[in-house]
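Worksheet: one structure, shown below.
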Amino acid sequence: MSRPIVPPLAAESRLVLDEAELRQWGVRFGQAAVAPLVVTLSGELGAGKTTLAQSICAGYGVTATITSPTYSLIQEYDSPRSVVYHIDLYRLESEAQLTNLGWDEIVNAEALVIVEWPERAGVRFPAHVPIALEYEPGDASRRILLAG
């Protein structure tokens, strides 16, 4: 059974982080993650979604190079703990296309599933941990991480 993961020491689930801190947070999140778990990453282009996905995967035990699945839509990685699916829905044109991707099987698998651009999936999500990244106003080197 999965359990929710909330960032430690986050005041009201809001953290302001530079890139190194974001990577460290992602590694710790990955270390604490227990499959089955679906994590959604939302935010503007360049906000750090793929960087965070890479860090979560590293903490989860993935040793392969994590690349953005923008064009392939889905990348699958092995870890000693379970398979990891990294999904990028940015190029998805409609929610109906999820069926052709094997969406229902993936999000219900005994796996860690990380989804970028989750808003493109509409309402077709099981229980998940939502994480949003925003630019820190006035400081382009820092991001606001909102979780839970």
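Numbers below:
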read-out: Value at 222 nm in deg cm²/dmol, rounded to 500, when DSSP H runs of n ≥ 4 in the chain each add -39,500 (n - 2.57); value: -6000 deg cm²/dmol
read-out: Rg(Cα) / (2.2 N^0.38 Å) computed for the range 7-148, rounded to two decimals; value: 0.99
read-out: Positive-end residue, the chain charge dipole about Cα centroid, Cβ charges, pick of P80, L92, F125; value: P80
read-out: Footprinting exposure proxy for S68, S55 (fewest neighbouring C-beta atoms within 10 Å first); value: S68, S55
read-out: Long-range amide H partners of V62 with built H, under 5 Å; value: none
read-out: Rounded to 10°, Cα long-axis angle of helix 19-32 versus longest principal axis of the chain; value: 50
read-out: Backbone HN-Hα couplings from phi across the range 76-90 [Karplus 6.51/-1.76/1.60, Hz, Gly and Pro as x]; value: 10, 10, 8, 9, x, 8, 4, 5, 10, 10, 10, 10, 10, 9, 4
read-out: In the range 39-148, chymotrypsin sites (Phe, Trp or Tyr not before Pro) in a DSSP loop with at most 11 other beta-carbon atoms within 10 Å; value: Y71
read-out: Beta bridges per DSSP with both ends in the chain, % antiparallel, nearest 5; value: 55
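FYI, it's all coordinate maths here, none of it is from the lab. Just so it is clear, the structure is predicted and the values come from calculations on it, not from any experiment. Don't worry about glycine lacking a Cβ; one is built from the backbone with ideal geometry, like all the others, and counts go over all protein chains shown.
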